[in-house]
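In what follows, a structure is listed as structure tokens, so that the remarks can point back to it.
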Amino acid sequence: MDKLPPSSPFQPSDFAETHPGLSLLRLAALLAEGSEADEETLDMMFEQMEVGALDGLAPADIWAEFSRGLMGPRPGTMVKALRECGVLEQIFPEISAVFGVPQITDSADEIDLGALLVASLDEAGRRAAPLEVRAALLLMHAGKSDSPREHLPVHYRHIERAIPRIEAACDRYDVPERCRDLALLALHECERVQRASPVRAGPLAAMLDRTGAFRDPDLFEALMLVATCDYFGHGGRVGETHPKVDLLRAARDACAGIEGDDIAVARAQAIASAFKSERWADA
């Protein structure tokens, strides 16, 4: 490990650790700098995992190294390599299990959830997204791995299955509370963002309230970034912004300054006026 990319945050001494699990995870994090793992590297990582390199490694150390890679410019590359060498199944079985599972897209085509996860994480890297956005993209599909095969590529009741898995993964590594909160919010709301409609002002106002647009603007913007990275992770999309995110921001702006009683109705009316919609009260 004597040749590292010029921009790498690592030094050769970072790999000279007493615990081999740290070196294994730091090698994986290095892949998030943008280099695809070759077969030799994957074989070496697999062999290290097989002989117990991760045994006895403290959860805090695992998260420290994994999150360092998650913040790299191409975190999806790291996750893909960890999955291919078997390490992801050891540290995040909830995430490893979604690879190979189909997901329907808004064009009625299908995409492999693992491929979507990798691409959306790399999109988050391209957009310099904060850690909580990347963690949400990593975790929010956790309930889809065991959807009944007869229902695929639709994932009925995946939210109920995902909640305990996201909680367990966050508890396992003492993941920052902001990451947990955004992952759970994205689980409930990200697919609703994709279905947002300008002719349904009532539901738009309710979604804005649920997602923190008025009480926690930073959380709302983090969710919008999750939805944007997920949207472009599907591939074949052009532009820099997600049209449904643009819609929600315009709806939020239409509600600026509204206070007083019956605020939900007033916000819906303001959105209806902004979008010239008569269906603002639709549930």
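The values are calculated or read from the model by the stated rules, or taken from the named source; none is laboratory data. A quick note: this is a predicted structure, and the numbers were derived from the prediction, not measured. Cβ sites come from the backbone with ideal geometry, for glycine too, and all protein chains shown count toward neighbours. The area values use the complete protein model at the heavy-atom level, side chains included, leaving out ligands, DNA and RNA. Shrake-Rupley method; radii C 1.70, N 1.55, O 1.52, S 1.80 Å.
Worth pointing out:
- Placing +1 on the Cβ of every Lys and Arg and -1 on the Cβ of every Asp and Glu, with no other charges, gives the chain a dipole of roughly 1040 debye about its Cα centre.
- Förster radius 45 Å - calculated FRET efficiency between Phe46 and Asp209, Cβ distance, rounded to 0.05: 0.40
- Electrostatic dipole magnitude of segment 111-264 [Cβ: Lys, Arg +1; Asp, Glu -1; Cα centre; debye, to 20]: 480 debye
- The calculated Kirkwood hydrodynamic radius for segment 99-164 is 12.6 Å, given to one decimal from all distinct C-alpha pairs.
- Dipole orientation for the chain: of the candidates Gly125, Ala264, Gln90, Ala264 has the Cα lying most toward the positive pole (charges on Cβ; Lys, Arg +1; Asp, Glu -1).
- Order of exposure, largest accessible area first, which applies to Phe99, Phe214, Phe66 with probe 1.4 Å: Phe214, Phe99, Phe66
- When all alpha carbon pairs of segment 49-192 are counted in 5 Å bins from zero, the resulting P(r) reads 2, 10, 19, 24, 22, 14, 6, 2, 0, 0 %.
- The count of lysine pairs in the chain whose Cα atoms are under 28 Å apart, excluding pairs fewer than 8 places apart on the same chain, comes to 4.
- Of Met78, Met140, Met49, the residue with the greatest mean-square motion in the GNM of the chain, using alpha carbon springs below 10 Å, is Met49.
- Only helical runs count toward this figure. For the chain, summing -39,500 (n - 2.57) over DSSP H runs of n ≥ 4 and dividing by all residues gives -18000 deg cm²/dmol at 222 nm.
- Separation in nanometres of the label points that stand 7 Å from Cα toward Cβ, at Arg127 and Ile258: 2.5 nm
- Within a Gaussian network of the chain (alpha carbon springs, distance under 10 Å), most fluctuating of Glu65, Glu240, Glu160: Glu240
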